[in-house]
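Student: I have a structure here, written as structure tokens, and I will follow up with some questions on it.
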Amino acid sequence: MPTRPFSATAVLTAVLGFAAAPALAAPGADASAARLAQATAAADHAGKIAAADVEIKVAVDELAQARRRLEAGRQATTKDRVNQLEGGGPMTEAYNLRVQALQQDVAKAQKRLDRALAARKALDK
């Protein structure tokens, strides 16, 4: 029986399996695979940018809400003063704790926004 040379496709099919062999043996397969990898990476990057933009919007909204709550929480009533005098007297401990907690909420919201902006900026590099 005469010896027949094996084609690259036949060898790859035998070694790698049928599904992978034609793509690897085809001319320009490396370029196609590179384009596919590049397109996949670009789509992944675009998805990360979109997610980062959503996080920024959520963080901006959260910060705005925290600032509104702080402003509302700073409005003192007569029960927020030790001597319950309108416009005079020191503030109660409850008032001071309430305002402090609201200030901490604003600080946390600001940090979240800062992190979101930094993450988005890192994606631009």
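The values are calculated or read from the model by the stated rules, or taken from the named source; none is laboratory data. Here the structure is a predicted model, which is why all the values come from computation and not from measurement. Backbone-built Cβ (ideal geometry, glycine too); neighbour counts: all protein chains shown. Heavy atoms of the whole protein, side chains included, go into the accessibility calculation; ligands, DNA and RNA do not. Shrake-Rupley method; radii C 1.70, N 1.55, O 1.52, S 1.80 Å.
Student: Once fully extended, how much extra length lies between Leu97 and Glu71, figured as 0.36 nm per residue of separation less the alpha-carbon to alpha-carbon distance? Working shown, then result.
Tutor: Details: separation 26, 0.36 × 26 = 9.36 nm, distance 1.44 nm.
Going from the current span to full extension adds 7.9 nm.
Student: Next question. Net charge around Gln104, counting only other residues with Cβ within less than 12 Å of its Cβ (Lys, Arg = +1; Asp, Glu = -1)?
Tutor: +3
Student: Convert each backbone phi in the range 108-125 into a coupling constant with the Karplus relation 6.51 cos²θ - 1.76 cosθ + 1.60 (shift: θ = phi - 60°), then list the ³J(HN,Hα) values in order as whole Hz, x for Gly and Pro.
Tutor: Each residue's phi maps through the Karplus curve to give 5, 5, 5, 5, 4, 5, 4, 5, 5, 5, 5, 5, 5, 5, 5, 6, 7, 6 Hz.
Student: Please quote Rg/Rh for the range 30-125 to two decimal places, taking the Kirkwood radius as Rh and restricting both calculations to Cα atoms.
Tutor: Rounded to two decimals, Rg over Rh is 1.38.
Student: Okay, moving on. Quick one: with all protein chains in place, what share of the accessible area of the range 53-125 is carbon or sulfur, to the nearest percent (1.4 Å probe)?
Tutor: 54
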